[in-house]
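Beneath this line is the structure, given in structure tokens, with notes to follow.
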Amino acid sequence: MVTEGKRLRLLRRGGAVVGEGERDVAAIGENHSVALERAQNHASAGREGRLVEARLEATQRGTAVVFVLITLMVMLAAILLGLGLADRIVQPIGRLIQAADEVSSGNLYVQVPVTSRRDDVGHLGTTFNKMTAVLRSQHNSLTAANELNDQRRRFMEAVLAGVPAGVLGVDADGIVRVTNPTAELLMASGAETLVGKPIADVLPQIYPLFQDVISGPARLLQETIEVSRNGRDRTLSVRVTRETGAETGFVVTLDDITDLVSAQRTSAWADVARRIAHEIKNPLTPIQLSAERIKRKFGRVIVEDRAIFDQCTDTIVRQVEDIKQMVDEFSSFARMPKPTLATEDVVTTVKEVVFLMRVAHPDIELVEAMPETPVPARFDRRLLAQAVQNIIKNATEAIAAVPAEKREAPPRIRVAVSALDENRIAVDVIDNGKGFPVENRARLLEPYMTDREGGTGLGLAIVAKILEEHGGGIELLDSPEGRGACVRLILPTAGSESEYPKKGARGA
């Protein structure tokens, strides 16, 4: 049984237990409230954490964007600053490049602007401007010197082209460097043939004189030489002068004195002819008259050796006639009458002479090659006919000098009249005789020079003098048809100036 005490103790214990239970329930309730509150706090903290995290992400994104923008701004500023600095360096260099291009195209007046800054680029601009100024000054000096040299060169070319003497400029090695038209004409060669060739090859006749000037003390030496160009024999007076200066050169001067020598010889022979004609002609008539009187008076008396007597007297008379003819030739050459010039037809005059010579020499075929229309010229009809007749006569004698067994074709003479150019007329007499000699052919035009036995040597000299008085000339050529000779008589056309004004005859 439960006693009261026990019950009280149990009650107390139960109360205590209840109390403890209540306390436990209260504690549990509090704990539950706390737990709920904590759960709520935790939920609120979670929400706040998530909000903070969201705000943190937004802040981070914003900060990143700000940093990116700042970085871009800094980079852009750096780029702009770099471009500005680079432009300050590149612009002067670009101007220098542009100025250099203009200088290369010939503009030496270009200048580049120079800033006041003292750096390498500014120094480069200043130096460039100084360089263009020096180049401009040197270019102007060179241009002025070049213009002066061109003026002197043109003047020297005009002088060389105008002088009648031939000029050859020779360097220290003996190579021809400069020629003038007269030298090219005398050498019968063009400048491209003469320039660059040794003087020993161009004119070997003067090489010994050239060597004497090189090795000797004299600066000037002169001599006369004979040259042959295109079959023409010419007499040249040659002077070789050594230049003074650092580079030694030589000037060779060539004067054609062929006509002068020929004129001197002609003048001398004319004087001799006058004297001979005067001294011989006086006794010829008495001798002839005496021989004829002896024949008339004693011809009937002499019985023995009458044939010998007649032969001797006839010989005297005939020889006197021959001497008279020779004296007449002397007189004709010594005192050639001045031509009376008039405008005549060359073809008609030549045809008349050919007709007379055809009658006189029927055994020789004379062929005419003349134009149908008249060829007018100013000449003395009688003197020209005499000249043509003399040349045809010489052609017949040249044909007769060839033995019949050595003739390659029948005797033939062709007489042609043609116009060489608008200012000259040529009368060609071509035969198939023995022809002209190769050497000293031009001397056949001198008085008393002949290659024919019994010839006086005055025929060609008289013809040359006739043509000289007409302002023309004569050329001795080889026959274009083969064996034989060609004599060309040259006359100026009416109203033209002659190529041979008072120069006399020319041999070819």
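Values as computed for the structure displayed
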{"read-out": "Those residues of the stretch 400-453 which are within 37 Å of the chain's Cα centre (by Cα), among the polar types (S, T, N, Q) and modelled with pLDDT of 85 or more, in sequence order", "value": "418, 423"}
{"read-out": "Candidate set: the stretch 338-382, residues that are outside any helix (DSSP H, G or I) and more than 27 Å from residue 419 (Cα to Cα); chosen: the one modelled with the highest pLDDT", "value": "363"}
{"read-out": "Verdict on residue 501 being modelled with pLDDT under 85 and farther than 19 Å from residue 398 by Cβ", "value": "yes"}
{"read-out": "Residue selected from the stretch 397-429 under the condition without any contact (Cβ under 8 Å) to a residue 24 or more places away in the chain and of a type outside the set (A, V, I, L, M), by the criterion farthest from residue 364 (Cα to Cα)", "value": "421"}
{"read-out": "Residues being of a type outside the set (A, V, I, L, M, F, W, C) and modelled with pLDDT of 70 or more - total across the stretch 245-255", "value": "4"}
{"read-out": "Selection within the stretch 64-116 - small (Gly, Ala, Ser), within 21 Å of residue 126 (Cβ to Cβ) and part of a loop (DSSP other than H, G, I, E, B)", "value": "116"}
{"read-out": "Single residue of 185, 209 found to be outside any strand (DSSP E or B) and either over 19 Å from the mean Cα position of the chain (by Cα) or charged (D, E, K, R) (or both)", "value": "209"}
{"read-out": "Residue that is under 52 Å from the mean Cα position of the chain (by Cα) and either more than 21 Å from residue 475 (Cα to Cα) or modelled with pLDDT under 90 (or both), where the choices are 397, 321", "value": "397"}
{"read-out": "So residue 371, is it over 44 Å from the mean Cα position of the chain (by Cα) and closer than 26 Å to residue 483 by Cα", "value": "no"}
{"read-out": "Matching option when the condition is at pLDDT below 70 and either part of a helix (DSSP H, G or I) or surrounded by fewer than 16 Cβ atoms within 10 Å (Cβ to Cβ) (or both), among 285, 266", "value": "266"}
{"read-out": "Filter result for residue 132 (at pLDDT 85 or above and among the hydroxyl-bearing types (Ser, Thr, Tyr))", "value": "yes"}
{"read-out": "Within the stretch 408-434, considering residues that are of a type outside the set (S, T, N, Q) and in a loop (DSSP other than H, G, I, E, B), the one surrounded by the most Cβ atoms within 10 Å (Cβ to Cβ)", "value": "433"}
{"read-out": "Pairs where the first residue, in the stretch 136-160, is over 30 Å from residue 111 (Cβ atoms) and the second is among the aliphatic types (A, V, I, L, M), C-beta under 7 Å, 6+ apart", "value": "160/167"}
{"read-out": "Meets criteria (surrounded by 14 or more Cβ atoms within 10 Å (Cβ to Cβ) and either over 26 Å from residue 236 (Cα atoms) or of a type in the set (Lys, Arg) (or both)) for residue 136", "value": "yes"}
{"read-out": "Residue among 161, 133 that is of a type outside the set (Val, Ile, Thr), more than 30 Å from residue 180 (Cα to Cα) and assigned to a helix (DSSP H, G or I)", "value": "133"}
{"read-out": "Single match in 121, 90, 65 (criterion: β-branched (Val, Ile, Thr) and in the same structural domain as residue 136 (by TED's automatic domain parsing))", "value": "121"}
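The values are calculated or read from the model by the stated rules, or taken from the named source; none is laboratory data. A quick note: this is a predicted structure, and the numbers were derived from the prediction, not measured. A quick note on method: Cβ atoms are made from the backbone with ideal geometry, for glycine too, and the neighbour counts reach across all protein chains shown.
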